[in-house]
Amino acid sequence: MNNFTFQVTTDIRFGKDRLNELPEVLNTFGKNVLLVYGGGSIKKSGLYDQVMAQLQNNDNQVTELAGVEPNPRIETVAKGAELCRTEKIDVILAVGGGSVIDCSKVIAGAACSEEDPWTLVTKRSYQGPALPLVTVLTLAATGSEMNRGAVITNLTAKQKLGVHGPNFLPKVSFLDPTWTFSVNRYQTAAGSADIMSHLIENYFSTTENTDVQDGIAEGLLKAVITNLPIALDTPDDYDARANLMWASTLALNGLTGSGKAGAWSCHPMEHELSAFYDITHGIGLAILTPRWMLHVLNETTAPKLARFAREVFQVEEAVPEMAARMGIQKLYDFFLACGIPMTLPEVGIEDDRHFEEMAKQAVAFSSIATNAYVPLTESDVIAIYQEALTPSEYL
């Protein structure tokens, strides 16, 4: 295990009926609030009215930024940063899922920076000041409510890039599982695939002897596998939604990744799918992850892939390679059973016309060619994309 520093200071307010605490939280930072949200689902669910009632009763001055995209655009970031400057915003309140929170993080930094917002993103690390951020989470998926990362899309450049900053960390996050009751089956499954991908990316690391991190990851994966089908069948099952929401937060707050080295593998590849085709991030990850596992399966990787199969899916096969293949098949079948489309044509990607360019960018904008669990060349990435064009059987 490598040296690490683990300091995640977000104040988590988990559970039902906590919004009455919002005014006290916001008063810590000031009265001028930028309220950021997405496509209107919070208005249909009634959450918007609840939040606005709290803000109005607290005499907050509210500026709204609505319509944040599922893959948040750099243009929206620029618009939000300008609003922060012109309206002299004290605190940003992000109400939504990971896309809304990611967008708000970069707005918070861009509002305090003289750099062009896309230049800030392309540097991948922002060390400057940021406006304080408070979040109200409505989707279990990205874990953005308790980490320092964000992912922003530039469709003009066909680029989707992650950027991290110490001051992007939300100050306070409200996590009420009841706000996820209205999330539809597709987005619930996509969000859970995103959670699982975060855990899998950290699990398959170049660092050995990380039993604590790996054991936590295995437990969280099993929690998602247990609770996702319940949430799909009974959307208002509080305990199922609560377990998914907390698993999402813990999957990417550093708990399972600290002390580990190496680049993630599937996220850089999926970011290109989203940048070129604007697909749902979690769906792209679900499609790619089993194909990546099979692609990197060899004599060296078989023992860890077999451990994944045995601990997460209770595979009892003794031979490592066969156990690994069985685990990969079970992961694929689980996603399929949850209604996730498991081929690229099902999400509108019919052919390989962009695969070469996508693979080139996946390698250029990450270190998967040198520092991944198994280094991937452009040819490897193309092969994984091509495998995802058709249904798969791994045994």
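Tabulated data
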read-out	value
Rg and Dmax of the range 183-388, Cα atoms only, in Å	16.2, 45
The chain - share of DSSP beta bridges that are antiparallel (%, nearest 5)	20 percent
Cα centre as origin, Lys/Arg/Asp/Glu Cβ charges: the range 183-388 dipole, Debye	360 debye
Amide proton proximity set for Ile12, modelled H, under 5 Å, gap of 5+	Ser173
Interchain or long-range residues, amide H under 5 Å from Val136's placed H	Ala94, Val95, Gly96, Phe174
Qualifying GluC sites (Glu not before Pro) for the range 86-165 [loop in DSSP, other Cβ within 10 Å: at most 11]	Glu114
Coil-residue chymotrypsin sites (Phe, Trp or Tyr not before Pro) of the range 1-67, DSSP, other Cβ within 10 Å capped at 15	Phe4, Phe6
Rg [Å, one decimal], Dmax [Å, integer] - the chain, C-alpha atoms	20.4, 65
Folded to 0 to 90 degrees: helix 238-251 orientation relative to the chain principal axis, Cα	80 degrees
Average accessible area per residue (Å²) across the chain - probe 1.4 Å, nucleic acids and ligands excluded	40 Å²
The range 359-395: GluC sites (Glu not before Pro) in DSSP coil with no more than 10 other Cβ atoms inside 10 Å	Glu393
In order through the range 120-127: 3J(HN,Hα) via Karplus (6.51 cos²θ - 1.76 cosθ + 1.60), integer Hz, x for Gly, Pro	4, 5, 5, 6, 6, 9, 10, 9
Under 17 Å from the Cα of Lys43 - aspartates and glutamates, other chains or at least 8 residues apart	Glu64, Glu69, Asp176
Selected from Gly30, Val62, Gly98, residue furthest toward positive end of dipole (the range 11-179; charges at beta carbon)	Gly98
Cross-link reach list, lysines versus Lys158, counting only Cα pairs under 20 Å and skipping chain neighbours closer than eight places	Lys79, Lys123, Lys360
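The values are calculated or read from the model by the stated rules, or taken from the named source; none is laboratory data. Note that the structure is a prediction, hence the values are computed from the model and not measured. Neighbour counts run over all protein chains shown; Cβ positions are idealised from the backbone, glycine included. The area values use the complete protein model at the heavy-atom level, side chains included, leaving out ligands, DNA and RNA. Shrake-Rupley method; radii C 1.70, N 1.55, O 1.52, S 1.80 Å.
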